[in-house]
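A short worksheet on the structure shown next.
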Amino acid sequence: MTTVPRLYNQFIPTHYDLSLTLQRAERVFTGTVTITGAAMSDTIRLHAKDLTITSALIDGSEARTSPTDEFDELLLEHDGLKPGNHVIVLGFEGTITDGMHGLYPSLFEHNGIKKELLATQFESHHAREVFPCIDEPEAKATFDVTLTTETGITVLGNMPIDWQREEDGALVTAFETTPRMSTYLLAWVTGELHRRTAQTSSGVEVNVWATPAQSAESLDFALDIATRSIEFYDEYFGTAYPLPKSDHVALPDFSSGAMENWGLITYREIALLSDPTTSSISTRQYIATVIAHELAHQWFGNLVTMKWWNNLWLNESFATLMEYLAVDALHPEWNVWLDFASSETIAALRRDALHGVQPVQTEVNHPDEINSLFDGAIVYAKGARLLHMLRQYIGNEAFQSGLKDYFASHAYKNTEAHDLWDAFTQASGHNIGVMMDVWISQPGYPVVHINQTDGTVHLRQEQFYIGDHPSSDALWPIPLDATCSELPTILDERETTVARTHSSLLQLNKHDSAHFVTHYSENLRQPLLEAVASNELDTVSRLSLLNEATLLARGGYISSADLLPYLKSYAHESSEPVWGIMALTLAELRKFVEQDPEAERRLRLLSGNVAREQYEKLGWQQREHESEEETKLRAIIIGLTLYSEDPQAIDEAQRRYAEGIETLDPELRPGIISSVVRYGSDELALSLLERYSSVTNAELAQDICSGLTSTRSLAVIETILASLQDASIIRPQDVGRWFVYLIRNRYAREKTWEWLTTHWDWIEETFGGDKSFDYFPQYAAAGPMTQEQLDAYIEFFTPKRSIAALTRVIDLGIVEIKARVALLERDSPAVLRALRSEE
Ligand code: BES
Ligand code: ZN
């Protein structure tokens, strides 16, 4: 594997003076950059990609420039160039292209007129597409930026505007000098925008911006969360937000969810805007977590930055943990730690069980691999879980005091894992590096087998796998968090036996904070299930017990048929997050019945029966004083009832839909649209697709997408597939979502796979080079259920393993599908038998 050369080792930039002229209509830009810095040798290499260099001076005299083919490098040579300080001045030109990185247009329609913004996306290594620079996180420098644009628009940068004037019919905007920062965090947004403004208690100006196609009220929720999150972090991190302002901009076209550019955070519309009359609670919770995540990066990532991308988790794992800490402080009634225990935990445990998965801390050899590092389940979810585990282990006080020291000592600099561990070691008195290094550098996680016989408890750990794997002798230092004081605090050996005389309920990982699953022996599991049934177990425990059962079934430690008795114990459950796992458990069983109509009928009945008590209690109509949790739970319950094909529920969905999409309870909207699409005419579905193409409310658009993709009509499926490449109907930013929903729909699976294989060139052309490129092999692995489909996946994707950005996801995709095919073969007879005996 080729290793990417680090240019920072031979040229250390300290300041950039950058002027850019954006010629939007012509889709080009021109620029001049003056870079001050120190050369370590007699040549200088900068990063530059798809730029034409028009002039080059080093210390005032002309330099030769030549692009190298590999690694986006630009070689600068100058006779007699010596190591030491130099000033480089480069003139350059580049193009504004549609791929959502570098400098790109973001399109919208307002009052029937097509308009566009220009925006940048530089993480992880796209600054080099806009100006020559040392495009590495360690190469921190200060930046003076001047932009020349058309007049009559808003021009935003990382810093406040220093001066702005019109010159020769153009608008020239100069920003204040930035603090020392990495190139991937620079950003600009230009165009027609409106805003709402507030101030934090310490005087930081907070603005939320959107295009004029969006209402002013839809900015308010985000503004409140952003302002209060900054105040929370000011206090929690003990270092004040470092810039005078914090802008948050909703962009109509945006590749990821949001991006933490320093002082100018950019978002997808759905991740920032919420119409107070039509947005759901779930959407507002999502928005709050995205804002809290990106704001956490203003410290974690922006103020203190990883030295190199192998420590990306220092950014992302932390920001993910902080999402929950901050939102919990702002909205304690949301109980977001339960969402952490479900969504982050499931994502992490499912993916981290596959052989070949990356560790949290992963080496990067090639620039194209950088994008593939952002495996959400690992670098976000698992990493956050590990930090949560650490926080639980040392306590919040030591955790917070360690963080305060970390920011105080490393502000405006770069760090590696050990810098953080050192801060926690100081604060807690435990040797944190020893424990945490194992967790972040080893892929996977353990299952702890536990059983109790005649006064002794036996514990044994081994690596937990779903699917094929070589043998592993990996061990982890596992904080057991047991309900019984005889058990060790940390299990770091293969196995151990301890004496235990009493027989009270025995539980491991009581707070679901450590990253492992527990396999209880029958005599320990039974009392736990009884405690669930009699409502004596706390919510997190109920949630994780069931979630871990689904994993143990996937891993072959229990049979999937055992999930049915589990569900029975949860018959009187009332917690919404636990219901989320119950619905997921039922969904785990759906794949077994695809080929067996009678078994499917029984699973549908079972789902309806499981949901009935709550269905009767909650009904369809929101009550005046119900809690947000109840409102959300209603959506899960109605979803299960609709899955059961209850004729009255199907009619009720139809009746409500007929009153107009805008009248629907936002929480129920996706389920109702799915139901009417599933049982309605092709005309209805096609009219929804038409509506989708013109809708400006991103949440409604998303609900239509999830509804339409549950169609069973081949004609509708074909029309949707044909629209995936038509940006006037489905924006490229949304293609991945449509694709994964379709491939998960068994009626659309074959056709969607066919679409992928016949339009691969288009996918590569449109998404290659972007972080979203690897979603396609990853999402495609969510569909296949049979050996034949597995073979097709292997045949199609194996040759594409040579694309560095895809190698790992393809390998994991194969492991994942193989595991699913084996699971179906292994457990089908028992599941079908169990369903047949269901009344
Ligand atoms: N820094 C990332 C976004 C990013 C990563 C952009 C890699 C380009 C390349 C940002 O902080 C992030 O994590 N965004 C998430 C949303 C977040 C709330 C989990 C995303 O985009 O999915
Ligand atoms: Zn992030």
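Bear in mind that the values in this text are calculations on the coordinates, not laboratory data. A quick note: this is a predicted structure, and the numbers were derived from the prediction, not measured. Counting neighbours? That spans all protein chains shown, and the Cβs are built from the backbone with ideal geometry, glycine included.
Calculated mean residue ellipticity at 222 nm for the chain: -13000 deg cm²/dmol, from DSSP H runs with n ≥ 4 weighted as -39500 (n - 2.57), summed, divided by the residue count and rounded to 500.
FRET efficiency for GLU167 and SER41, Cβ-Cβ distance as r, R0 = 56 Å, nearest 0.05? That pair, GLU167 with SER41, gives E of 0.90.
Per residue, the convex hull around the alpha carbon atoms of the chain comes to 163 Å³. For region 780-839, the relative contact order comes to 39 percent (Cα pairs under 8 Å, sequence separation of at least 6). By the count of other C-beta atoms within 10 Å, a proxy for reagent exposure, TYR324, TYR286 are ordered fewest to most as TYR286, TYR324. In plain terms, the residue of ARG669, ARG826 with the fewest other Cβ atoms within 10 Å comes first and the most crowded comes last, giving ARG826, ARG669. Here the gap between HIS110 and HIS458, fully extended at 0.36 nm per residue and compared with their Cα-Cα distance, gives a gain of 118.6 nm. Between GLN426 and SER61, the FRET efficiency from the beta-carbon distance, with R0 = 51 Å, is close to 0.50. Take every pair of alpha-carbon atoms less than 8 Å apart whose residues are at least six positions apart; their mean separation over the length of the chain yields a relative contact order of 9 percent.
Charge tally around SER372: other residues with Cβ under 10 Å, Lys/Arg +1 each, Asp/Glu -1 each, net -2.
Amide hydrogen proximity for ASP247: with H placed 1.01 Å from N in the peptide plane, the residues at 5 or more positions away or on another chain lying under 5 Å are ASN207, LEU264, ILE265.
Using 0.36 nm per residue and subtracting the Cα-Cα separation, the extra length available between HIS410 and THR151 on full extension is 89.2 nm. I want the local charge near HIS388. Using Cβ-Cβ distances under 15 Å, sum +1 for each Lys or Arg and -1 for each Asp or Glu among the other residues. Result for the neighbourhood of HIS388: -4.
Span-like helix check, the chain: qualifying full DSSP H segments, with Cα axial length of 20 Å or more and mean Kyte-Doolittle of 0.0 or more, are 281-297, 312-330, 539-554, 576-593, 628-643, 807-836.
Full extension of the chain between ALA722 and GLU626 yields a length gain of 30.2 nm, computed as 0.36 nm times the residue separation minus the alpha carbon distance. Here the relative contact order of region 31-85, from alpha carbon pairs under 8 Å that lie six or more residues apart, stands at 46 percent.
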